[in-house]
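Engineer: Let me begin by handing over the structure; questions about it come next.
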Amino acid sequence: MQHRTPFPKTVLGALALTGAAALIGGLVPAAGAAGAPSAGPVGTLGDPTGVTTVSSGWSIPWGTAWLPDGSAALVTERNSFKVFAVTPSGTKREVGSVPESQTTDGEGGLMGVAVDPQWSANRAVYFLHTSSDGNRVARMTYNGSSLSGYRTLLGGIKKAKYHNGGALAFGPDGHLYAATGDAQTPALAQDRASLNGKILRLTRDGKAAPGNPFGNEVFSLGHRNPQGLAFDSRGRLWSAELGASSRDELNLVASGRNYGWPTCEGTCGVAGMTDPRRTWAVAEASPSGIAVVDNAVYMASLRGKRLWQIPIDPNSENTGTPKAYYTNTYGRLRGVTKVPGQNQFWLATTNADGNGGQPAGSDRILRVTVG
């Protein structure tokens, strides 16, 4: 499910972080229904074509992360708490489950997964999941056959029925990034001491990574419900975020910046807050997973039941005009994960999540070729 509760667009000036203003070179002006401006060189892109089914029989697949050698991807199921290894040809095998997981009868459960870039040496795999005491970042060992050795790395992330965030990704700096929702308490997104409504930057042991802007785990703040994280060819971090009742967002995330919630939803032009690079009406998007392939962000849409292609310029913050694909073709779309070494990505449906109207086992993972 994706949950939206209207929130007053009052400017909570007292909540704005004045320190973040110095980090912002300028505010992004509004530019119609698609949001941020598209001026500047953005290359011609191929269409995402050649869709084939990799694997079927899924029930709410949430996160996908490839092993560094490309031999398989690990895929989580939100409500069963199970983890599967899926080969490039689609062979699917259950490899374990994440202990102490719970659902929230909404958006919580077993969500993001990230494989350590040094997995061949340390066999470490990371999960963001809901437990009895809140959302956690946890680490397990995957030896190539099964999961073992559960350890909580970071707790204290408040949970709620909705707005749990959930994405995990390793950055080119070797640190782990985690997207957390505001747990239906919007003020937490502006509280530097809270782990909610943030993108966190962590060491492999779940500690605050060196160089974080506020001396804790927080990398950026002012997020409502970010469910997608991806790095581009220049190592920049992009995040997709569910808005409340008017605008969904694609943000280019930088250290110490404030992305506005709950002061703003979408573009607002408030000093000390960074506007999104693109926005959408909620009926067109309700974004979840994203991936960067060939200088474009590919963004899955839940309520919008489509895939958005957003061209990006690796040499500037400019984005091109978004283009929609597969509208109402595959239903609700959640996961987008680049295939290593290929101009391809895996695209996961989430039609068995209570909003899609389909029974358990009806979801699938698709392979999409760009070109």
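Engineer: Name the residues whose placed amide hydrogens come within less than 5 Å of the amide hydrogen of L154, ignoring near sequence neighbours (fewer than 5 apart) on the same chain.
Structural biologist: Counting only residues 5 or more places away or on other chains, the set is V137.
Engineer: Continuing with the same structure: Can you tell me which lysines have their Cα less than 22 Å from the Cα of K92? Leave out same-chain residues fewer than eight positions away.
Structural biologist: Once the sequence-local lysines are set aside, what remains near K92 is K82, K338.
Engineer: Measuring from label point to label point, each 7 Å out along Cα→Cβ, what is the K323 to N343 span in nm?
Structural biologist: Going by the 7 Å Cα→Cβ label model, 1.2 nm.
Engineer: Need one number: nm distance between label points at Q118 and S71, each 7 Å from Cα along Cα→Cβ, rounded to one decimal.
Structural biologist: Each label point is offset 7 Å from its Cα along the Cβ direction, giving 2.0 nm.
Engineer: Taking a ≥ b ≥ c as the square roots of the Cα gyration tensor eigenvalues, with a/c under 1.5 meaning rounded and otherwise prolate when a/b beats b/c, else oblate, which class fits the chain?
Structural biologist: Here the chain falls in the rounded category.
Engineer: Can you give the relative contact order of the chain as a percent, counting alpha carbon pairs under 8 Å and 6+ residues apart?
Structural biologist: Relative contact order, the chain: 19 percent.
Engineer: Distance in nm between label sites at S146 and T53, each 7 Å beyond Cα in the beta-carbon direction?
Structural biologist: The modelled label-to-label distance comes out at 3.1 nm.
Engineer: Then there is this: Mind ranking 280-291, 56-67 by how tightly packed they are, going by the mean number of other C-beta atoms within 10 angstrom, highest first?
Structural biologist: Put in order of decreasing packing, that is 280-291, 56-67.
Engineer: Determine the gain in length on full extension of the stretch C268-A187; use 0.36 nm per residue of separation and subtract their C-alpha separation, reporting nm with one decimal.
Structural biologist: 27.4 nm
Engineer: I've got another one for you. When the helices in the chain are scored as -39500 (n - 2.57) per DSSP H run of 4 or longer and the sum is shared across all residues, what 222 nm value do you end up with, to the nearest 500 deg cm²/dmol?
Structural biologist: Here the helix-only value at 222 nm equals -500 deg cm²/dmol.
Only the coordinates and a few stated rules stand behind these numbers; no lab work does. All figures in this text were calculated on a predicted structure; none of them were measured in a lab. Please note: Cβ atoms are built from the backbone with ideal geometry, for glycine as well, and neighbour counts cover all protein chains shown.
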